[in-house]
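What follows draws every value from the coordinates through simple rules; no lab data is involved. Bear in mind that the values here come from a model prediction, so they are computed numbers and not experimental data. In this analysis, Cβ positions are derived from the backbone assuming ideal geometry, glycine residues included, and neighbour counts consider all displayed protein chains.
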Amino acid sequence: MNILLTGGAGFIGSHLCDFLIAKGNKVICLDNLITGKIENVSHLTDNPNFRFVKHDVTTHIDIEEPVDFVLHFASPASPVDYIKYPIQTLKVGSLGTHNALGVAKAKNAKFLLASTSEIYGDPLVHPQREDYYGNVNAVGPRGVYDESKRFAEAITMAYHKVHRLDTKIARIFNTYGPRMRESDGRAIPNFIAQASANEPLTVYGNGTQTRSFCYIDDMIEGLYRLMMSDVNEPINLGNPAEVTILYLAEEIISLTGSKSRIGFEPLPEDDPKVRCPDITRAKKVLKWEPRIQLKEGLNLTLRGKKRG
Ligand code: UDP
């Protein structure tokens, strides 16, 4: 297949590039590099099946060759990033998704949207099933991301219904692994960097808030199965093993053998108190569930970092 991948120099995008090229596909990777890094794909630039184009997908996307699949992964995705780039985040979820869908329509290609567990907001239903509508504060700090992804889902479904495009929507829950930027501000890269430097681990609030962390290789497999499926409804992809943030911090101190202690800091506004995917649908229709447990995934992430 010829695959157009927006956000291909980001964390998940760059792992997708590797996976899809290893499967014999051609990948055109678009990224404006505001949060993606060219280093994430620099090992691919000599590969004849890979092409990198520095482009902001909120402006018109011009592709000459045929495209079989459009994967729309471009967006700031960590709270620190989307709070720093609120308007770019809103534009890439709205205008960027519209442009990416436009390419899919013009090329008669299939389309997959990288959506997010954030569309459930600070959830009042737990664990989150796909039929839960969510609890989002449109004007809070996370609203820029949550609402742009909610709009992205809505326009994707509209293209499916109106233009009969074969579209897929992946609701991606917290994912981690090598290539996350140390400075992206999320819990796992922050804690690993702090533990490695023997500095206090910055646990926000009292650390009783929960998240469910999926290792990148499991996520890529789930995304690929969704690509290859005939599912058009949104589908949760994530690891349902839920932990508190305090547990995560203590686990990282223990795995790194660090002398760090925990330093509690204020909880950011609208920080979801719980998050855990119900993956019944993914198990049933994709025959997929994560295999890599948190401890193993953290060890792989630590080794990935050392290998650079
Ligand atoms: N968190 C934390 N310390 C950090 C970074 C994050 O305690 O240095 C908390 C954050 O408040 C949230 C959880 O860890 O409750 C996960 O945050 P992250 O930024 O990784 O992603 P989110 O799931 O909130 O989008």
Stokes-Einstein D in µm²/s, Kirkwood radius over Cα pairs - segment 231-277 at 4 °C with 1.567 mPa s viscosity: 95 µm²/s
Reach of residue 37 by Cα under 20 Å, taken over aspartates and glutamates that are not fewer than 8 positions away in the same chain: 18, 46, 56, 81, 182, 184, 217
Translational diffusion coefficient (Stokes-Einstein; Kirkwood radius from C-alpha pairs) of the chain at 4 °C, 1.567 mPa s, in µm²/s: 66 µm²/s
Value of Rg to Rh for segment 85-182 (Rh from inverse mean 1/r over Cα pairs, i.e. Kirkwood): 0.99
Gaussian network model of the chain, springs between alpha carbon atoms under 10 Å - residue of 106, 241, 193 with greatest fluctuation: 106
Environment charge at residue 107 (Cβ cut-off 11 Å; Lys +1, Arg +1, Asp -1, Glu -1): -1
Degrees, to the nearest 10: 11-22 long Cα axis against longest axis of the chain: 50 degrees
C-alpha long axis of helix 97-107 to longest principal axis of the chain, angle in °: 40 degrees
Fewest-first sequence of 228, 157, 180 by Cβ atoms within 10 Å of each Cβ: 228, 157, 180
Nearest 10 degrees, 0 to 90: helix 245-256 Cα axis against the chain principal axis: 80 degrees
Pairs of lysine residues in segment 179-308 - Cα separation under 26 Å, sequence separation of 8 or more or cross-chain: 9
Helical mean residue ellipticity (222 nm; -39500 (n - 2.57) per DSSP H run of 4+; nearest 500) of the chain: -10500 deg cm²/dmol
Rg/Rh ratio calculated on Cα atoms of segment 151-237 (Kirkwood radius): 1.12
Of all DSSP beta bridges in the chain, antiparallel share, percent nearest 5: 10 percent
Residues 220, 34 arranged by fewest to most Cβ contacts within 10 Å: 34, 220
Across 105/161; 91/168; 110/161; 26/107, pairs whose alpha-carbon gap is larger than 18 Å: 91/168
Choice from 179, 261, 275 with maximal GNM fluctuation in the chain (Cα, 10 Å cutoff): 261
For the chain, with +1 on Lys and Arg beta carbons and -1 on Asp and Glu, the positive-most of 4, 156, 254 along the dipole: 4
